[in-house]
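S.K.: The structure is given below, and queries will be raised subsequently.
The values are calculated or read from the model by the stated rules, or taken from the named source; none is laboratory data. Every value quoted in this text rests on a predicted model; they were computed, and no experiment measured them. Every residue, glycine among them, receives a Cβ derived from its backbone with ideal geometry; neighbour counts consider all protein chains shown.
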Amino acid sequence: MHQFTDENGKNVELSFNQGYFNQESHHVLVLCRYSGKWVLTRHKKRGLEFPGGKREKGETIEEAAIRETFEETGGVIKDPLFIGEYKVYGHTPFVKTIFFATMIELIAKDDYMETEGAVLWSSDFSRIQDDPSFSFIMKDQVVELALRRVAHLDLMT
């Protein structure tokens, strides 16, 4: 388990064990690849980040990952792979599930909800800390450690 403080000063715990927090996850973060590149989305307020969001009533957490990815990027994924979960301690603590997925198709859409659609990223993420075009979500240890886990599991090939 990893502990740190995020960009907003909130305590965060990250685990690569499913169900570690004994609190149901209602949020997803999806680390996606398409044609050898990372798939980000440009949130209209926060900036560049991986797709994600909240689970809707009656949805499984995997279904939420599939839907959120499509809504925000036009990307079609199947069978998202569990990578980890993290808990953010604030006024109302919440748990977010991290998935990895390879997109099988990227479809142009007229509406990407609160985002501006897919952004294909071929660089690493080592120089984004001071880049204001990236969301705060990308700048804490969750993404860094989850990307290391994806590489360790050799999922990018």
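S.K.: Could you please give the count of residues in the range 105-131 that are in contact (Cβ under 8 Å) with a residue 40 or more places away in the chain, among the hydroxyl-bearing types (Ser, Thr, Tyr) and assigned to a loop (DSSP other than H, G, I, E, B)?
M.R.: Residues in the range 105-131 being in contact (Cβ under 8 Å) with a residue 40 or more places away in the chain, among the hydroxyl-bearing types (Ser, Thr, Tyr) and assigned to a loop (DSSP other than H, G, I, E, B): 2 in total.
S.K.: While we're here: For the range 1-52, name all the residues that are polar (S, T, N, Q), assigned to a strand (DSSP E or B) and surrounded by fewer than 19 Cβ atoms within 10 Å (Cβ to Cβ).
M.R.: Listed by number, the residues that qualify are GLN3, THR5, ASN11, SER15.
S.K.: Here's something else I'd like to know. Looking only at the range 53-77, count every residue that is touching a residue at least 24 places away in the same chain (Cβ under 8 Å), assigned to a loop (DSSP other than H, G, I, E, B) and of a type in the set (Val, Ile, Thr) and tell me the total.
M.R.: Looking only at that region, the number is 1.
S.K.: Determine which single condition THR92 fails, assuming it passes every other condition in (1) under 22 Å from LYS37 (Cβ atoms); (2) not in a helix (DSSP H, G or I).
M.R.: With (1) under 22 Å from LYS37 (Cβ atoms); (2) not in a helix (DSSP H, G or I) applied to THR92, the lone miss is (1).
S.K.: Sticking with this one: Which of (1) at negative phi; (2) in contact (Cβ under 8 Å) with a residue 40 or more places away in the chain; (3) not in a loop (DSSP other than H, G, I, E, B) is the odd one out, the single condition LEU155 does not satisfy?
M.R.: All conditions pass for LEU155, except number (3).
S.K.: Being at pLDDT below 95 and among the β-branched types (Val, Ile, Thr) is the filter here; which residues of the range 1-50 pass it?
M.R.: THR5
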